[in-house]
4 protein chains.
Amino acid sequence: MSRTMLAAVLHGVQDLRVEERPVPELVPGTVLLRVRRGGICGSDVHYFEEGRVGSFVVTAPFVLGHEISGEVAAVASGVKAPVTGQRVVVNPARQCGHCDYCRAGRGNLCRNLKMLGSASTRPPTDGGFAEYLCVGAEQCFAMPPQMDDGLGAMIEPFAVALQALARAGSVASRSVIVSGGGPIGLLTVVAARAFGATTVALSDPVAERRQLALRVGADAALDPRADSFAADVAALTEDGFDVLFEASGSAVALRQAFELVRRGGTIVQIGSFSEPEIALPMGQLLVRELQLVGSFRYGNVWPQAIRLAASGRVKLQPLISGVFPLRQAREALELACVRGGAVKVQLDLT
Amino acid sequence: MSRTMLAAVLHGVQDLRVEERPVPELVPGTVLLRVRRGGICGSDVHYFEEGRVGSFVVTAPFVLGHEISGEVAAVASGVKAPVTGQRVVVNPARQCGHCDYCRAGRGNLCRNLKMLGSASTRPPTDGGFAEYLCVGAEQCFAMPPQMDDGLGAMIEPFAVALQALARAGSVASRSVIVSGGGPIGLLTVVAARAFGATTVALSDPVAERRQLALRVGADAALDPRADSFAADVAALTEDGFDVLFEASGSAVALRQAFELVRRGGTIVQIGSFSEPEIALPMGQLLVRELQLVGSFRYGNVWPQAIRLAASGRVKLQPLISGVFPLRQAREALELACVRGGAVKVQLDLT
Amino acid sequence: MSRTMLAAVLHGVQDLRVEERPVPELVPGTVLLRVRRGGICGSDVHYFEEGRVGSFVVTAPFVLGHEISGEVAAVASGVKAPVTGQRVVVNPARQCGHCDYCRAGRGNLCRNLKMLGSASTRPPTDGGFAEYLCVGAEQCFAMPPQMDDGLGAMIEPFAVALQALARAGSVASRSVIVSGGGPIGLLTVVAARAFGATTVALSDPVAERRQLALRVGADAALDPRADSFAADVAALTEDGFDVLFEASGSAVALRQAFELVRRGGTIVQIGSFSEPEIALPMGQLLVRELQLVGSFRYGNVWPQAIRLAASGRVKLQPLISGVFPLRQAREALELACVRGGAVKVQLDLT
Amino acid sequence: MSRTMLAAVLHGVQDLRVEERPVPELVPGTVLLRVRRGGICGSDVHYFEEGRVGSFVVTAPFVLGHEISGEVAAVASGVKAPVTGQRVVVNPARQCGHCDYCRAGRGNLCRNLKMLGSASTRPPTDGGFAEYLCVGAEQCFAMPPQMDDGLGAMIEPFAVALQALARAGSVASRSVIVSGGGPIGLLTVVAARAFGATTVALSDPVAERRQLALRVGADAALDPRADSFAADVAALTEDGFDVLFEASGSAVALRQAFELVRRGGTIVQIGSFSEPEIALPMGQLLVRELQLVGSFRYGNVWPQAIRLAASGRVKLQPLISGVFPLRQAREALELACVRGGAVKVQLDLT
């Protein structure tokens, strides 16, 4: 293996360079991956466009990317699994396994979490838009033979959706609406359909996203700005949805959510807001006994995400709207920036 | 039994009259109670002071009161329980038992609910500040012999607190803080202590309420306006409370709640807000995976409220700060209006 | 409407007579149904073959049948829903709506439950294998237009399956095996598939049932008596199923269940045993932290059963293996008695 | 620190020797404890009396003991917590933190679990009845200042009881009976009382245990062999207990459990059975929708066990019936063998 590798390094706002970097060294407990596919996430886009994601500011150059599939190139001594040559998907959040949150099965809230491709640390932590990546052995999950590299790199955002489903409680036989048809919202549509929701609707002002929602299994796709919206909702559900997944990060959408769910209903917040505070009709929450639930990344859902994606019962492939070679990482990011244009853009690093 | 009875009738803002009213007639499925004790709720105070509670406006005179204990004076034919002479507490919310919410064990969200002493209907529905009251047989719960009338009339607000506990999930071994030391907040302190919370704190700016919280079982009572507040909290919990019950209806308190709970923590909203919307830090809900949960009245908690109150393991009596005869209903309501003065004021109707 | 009607009346062991009976009278709160389709349940078979179901012994002639769809012929005064002419399915278990079990959302355990077509009362309670049937208004659930009478009469056994699913907790992304491919077992396969189980297997020694399981959505159908059984299981799941539904009522199958589930796994018992006691490997339950859960009839699952059956996403029709006119009720029961022959036999009463 | 230490080593049936052993070496990630107190568990007694616990057979000499409190004597480099000089209690089950069970919050079912003082491995794994013990840093939980060594060594069995409570779901406002008044049963009484059970009863034929149950908080202590048993139960609960904890490992007690719980009730199995199979009335489980739940060791309950024991709200000290110096380990074990005699016997290793 070569001593240097190519990587997509963010140096500042709009300043992404594909350049030589040293191949990371194996440390105890880790494996070295030959990265094969990397998906571009909204946070990659935010880092690229604005140099920050919320309170995380880019203070030094770092490699972007945390939606990764790859092949094991080498393993540290003592590591039993995965083995060299195995194809794996990567959980980019390394949890300690022993803090109180980890012990309680809530490793996404781990006190000692380290996230790939993130400026949450100082210096930032390099990600996976690079030929090689060193990760903890326990961050790797074996890919079934029938799962291709592109689908493998979709597991991370799918895990975000499955975490939201887990936070909602069972959706079996329930009516569900998703507000916001970006990648996470569409993957939530897919998951709600797979988990037995009786009605699955998407709400998004962008026509392309509504069409895609119908392709991946939604019963209905509504335009929240259309005059017919209230009537469209009434045609789907007598007195409101059981569960609403708010995946748009729009304050208007969240406020509307309080009217769209039925008494006792659940709103799961997945999308990030740019505003620090959102004004909400708390009287509704009270007298209708609603619950408003946050969902953050992915708890313990990786094996199920892989099994479900590999089962052939869900359609994730239509969400991959473009694949670029690593050398064109900048173009890929620019495409991903166009809201309502592409859905999921990936980098091919093979 | 007499054909007329005395009742405390609200005719308009600040216009409460104790006057003669016809004794209600028994209809099938009901019992006639000789009311013995009636507690004054915050909603009685709102009707009296402002002529409304939220969107419920007093449009015609009606009898106030829904925290009631009494003795069965007569039963409609076919009613097997309760029996004449039995002392009972009354669930003032009559649920149909057969709609989808009732069937799901969420009778507090019943589609056909009727509430005593409420202007939510037109005309308003009479309540129990009267010598006689006619209620559904299934609204009555037998009082154990050791429970006196005053404690019986505390079961309704205690049921509100127990519903909030039920909405929180188990608090056993968890740290709890209650914001707002009115009757419901203090009863929530009592319930959280009884249900095994390791730490139970109250937060309220009023010193008398803090003292009362300590008397009924709180480990600590904090002044949220004190400079030492942050340090006081830190002394109680390393990284935040597991559960916060917001019983004050204060926007400031609810915003603060997002900082007081730990990652994965739960905020249960019990208090009503006067503002239509409250600005909330939704980013916290998201990245710390909080849940914000509404709690409305009382679901299926009446038998447990009675058992617990009668067990001698909880102290509800210190919360009764005054008892007035029916003829002084006006004076009782005026006392109840003084925030931070009395806690629970009751009417003796015997 | 005529004053008498035809009904299938069980007079004793193997003594079923189709004879004239008076049309039932409307009492307050009820509706009179013109029955259209009635499915034959295992308990009908037991009453017919043995004159008893467990401890319930036939002490007087009664009308069999509790899997019923029909059309409303008349409603008692004051009943608002359903309305005359509406097609409905019937929940044959009338729950009181007000006992502690009903209030807790567990109406299937109602203290005052009355069951159609059952010898659990003295005298027995007539069922629905008759031209007319009088039931509580709240026992009726409207049939969607696209649901035919036969499918309507499948809702009752489907509700049994959905109750078992509800008792299991969420099966989304989990591996499931059903032991016993009678109607309830097959409907459980259908439901587990619809609710997002990753793997759904059936285990039954009868080849026809295994084939039917594959038709209605099972991934695999195993013969528990085959030499290859252990290997077949290992091919489906690395270390055991998450959930096993025991629908055969076979002691051997239940004992085997303890080996088929993984650590922390759940066994849901649906099938009835003829033996009073079953010897079970409790050490397994302990050190592997299993749970063994009973499921009885149908709690609060009727609306979801109807929605799911009407959605077109599940296949219940292949399970109807024969339809007979009421006059041939005896022949229908005899066919239903043949284990491994027919699955669901129905009577057409139109 | 000395190179050798004293330890209580089991060489075979009834062959316990207090002898010199090398002090264990620090390996990465571990700490060396100076053991201060060690409690004798039922499994220590079984190893001593019978040379085995279930399928775990003593094949080589090993140090007994897994209920341990101690002081940190040294820490491996890189270990941040605990620190030298700190007093800690030890979770004797070392879980990997990264398998699917650990990630799901069920570390007690960890695929890679290693247990102190156990013959489940070959050779057996040494335990803590020794002056020094080397354990993983993450197995140590800090002792609050007010917790003495004896109480610290009670945390392990208390954690077993708290796990059983966790498996039962919330017991707040519920009625509870514990069958079997050994240490675990009595600690379960303590925990159920602390967590808000309305009624807590113990059932045990041994009078001393019943008296002790009353001392530590039971409302009632019943003799299951007394003629008055059914009447005693009826005086406590109208129609059965909500939850029964079976801590005796007696087949008779478990069968009786099915009659003692109410419809929908829960039986938690904690005690081990000597018989491979137990005959159970499964019809009861079915028609009354019971659940029978295994509880194994301690999941994620250590911090709460420590907080609760240190809170002063529970009484664990009365359960310590004898403390012996390490040199008298044999006498201590012999005392612990006398059923109905001592409750918890501890070794003082200071």
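The values are calculated or read from the model by the stated rules, or taken from the named source; none is laboratory data. Quantities reported herein were computed from a predicted structural model and do not represent experimental measurements. Reconstructed Cβ throughout: ideal geometry from the backbone, glycine too, with neighbour counts over all protein chains shown. All accessible areas refer to the heavy atoms of the entire protein, side chains included, with ligands and DNA or RNA removed. Shrake-Rupley method; radii C 1.70, N 1.55, O 1.52, S 1.80 Å.
Largest GNM mean-square fluctuation across C:Val90, C:Val13, C:Val72, computed for chain C with C-alpha springs under 10 Å, falls on C:Val13. Under 5 Å between amide hydrogens, built in the peptide plane, is the criterion, and for B:Val261 it picks out B:Phe241 among residues at least 5 positions away or on other chains. Loop-located GluC sites (Glu not before Pro) in segment C:176-284 (DSSP state other than H, G, I, E, B) with a sparse environment of at most 11 neighbouring Cβ atoms within 10 Å: C:Glu238. Based on Cα contacts under 8 Å between residues 6+ apart, segment C:1-118 shows a relative contact order of 22 percent. Residues considered: B:Asp223, B:Asp242, B:Asp44. Largest GNM mean-square fluctuation over chain B, using C-alpha springs under 10 Å, is found at B:Asp223. Based on the alpha-carbon gyration tensor of the protein assembly as shown and its eigenvalue square roots a ≥ b ≥ c, which shape applies: rounded if a/c is under 1.5, prolate if not and a/b is larger than b/c, or oblate? It is rounded, given that a/c, with a ≥ b ≥ c, falls under 1.5. This model, with +1 at the C-beta of Lys and Arg and -1 at the C-beta of Asp and Glu, gives chain C a dipole about its Cα centre of some 860 debye. Label-point distances for D:Glu277 to the equivalent site in the other copies, using a point 7 angstrom along Cα→C-beta, read 1.3, 6.6, 6.7 nm when ranked shortest first.
Please say if segment D:191-243 is rounded, prolate or oblate, where rounded means a/c under 1.5 for a ≥ b ≥ c the square roots of the C-alpha gyration tensor eigenvalues, and otherwise the choice is prolate for a/b larger than b/c and oblate otherwise? Judged from the Cα gyration tensor, segment D:191-243 comes out oblate (a/c at least 1.5, b/c at or above a/b). Per residue of peptide C:294-303, the mean number of Cβ atoms on other chains within 10 Å of the residue Cβ is 5. Heavy-atom accessible surface of the protein assembly as shown, averaged per residue, reaches 36 Å², computed with a 1.4 Å probe.
Sites listed here are GluC sites (Glu not before Pro) in segment D:67-166 whose DSSP assignment is loop and whose Cβ has at most 15 other Cβ atoms within 10 Å, and the list is empty.
Near D:Leu202, the amide H atoms lying under 5 Å from its own belong to D:Val178, D:Ala220, D:Ala221, D:Leu222; only residues 5 or more places off or on other chains count, and H is placed 1.01 Å from N. About the centre of its Cα atoms, the protein assembly as shown shows a dipole size close to 0 debye [charges on the beta carbon of Lys, Arg (+1) and Asp, Glu (-1) only; nearest 20 debye].
Protein heavy-atom surface of chain A, 1.4 angstrom probe: 50% of the accessible area is carbon and sulfur, with nucleic acids and ligands not counted. Taking a sphere under 14 Å around the Cβ of C:Leu151 and counting the other residues whose Cβ falls inside, with K and R at +1 and D and E at -1, yields a net charge of +2.
Burial of accessible area (probe 1.4 Å, heavy atoms of protein chains only) in segment A:157-175, relative to its chain alone, reaches at least 10 Å² for A:Arg167, A:Ser170, A:Ala172, A:Ser173.
With a 10 Å cut-off around each Cβ of C:101-114, the average count of Cβ atoms from other chains is 5. Using a 1.4 Å probe over protein heavy atoms, the accessible area lost on pairing A with B, summed over both chains, comes to approximately 3200 Å². Amide H contacts for C:Ile278 (H built 1.01 Å from N in the peptide plane; partners 5 or more residues away or on another chain; cut-off under 5 Å): D:Leu280, D:Met282.
Dipole magnitude for segment C:158-294: computed about the Cα centre from +1 point charges on Lys and Arg Cβ and -1 point charges on Asp and Glu Cβ, it is near 320 debye. In loop segments of segment A:2-50 as defined by DSSP, the GluC sites (Glu not before Pro) with at most 16 further C-beta atoms inside 10 Å of their C-beta are A:Glu25. Classified by the C-alpha gyration tensor, segment B:158-294 has a rounded form. Its axis ratio a/c, with a ≥ b ≥ c, is below 1.5. Springs join every pair of Cα atoms under 10 Å in this Gaussian network model of chain A, and among A:Ala235, A:Ala153, A:Ala168 the largest mean-square fluctuation is at A:Ala235. When segment A:158-294 is described by a simple charge dipole with +1 on each Lys and Arg Cβ and -1 on each Asp and Glu Cβ, the residue from A:Ala159, A:Pro276, A:Phe229 located farthest towards its positive end is A:Ala159. Per-residue ellipticity at 222 nm computed for chain A from its helices equals -7500 deg cm²/dmol, with DSSP H segments shorter than 4 residues left out and the rest contributing -39,500 (n - 2.57).
The separation of segment C:1-51 from segment B:275-348, counted between C-alpha centres, amounts to 53 Å.
Among C:Ser203, C:Ala247, C:Ser173, whose Cα sits farthest toward the positive end of the charge dipole of segment C:158-294 (+1 at Cβ of Lys/Arg, -1 at Cβ of Asp/Glu, about the Cα centre)? Result: C:Ser173.
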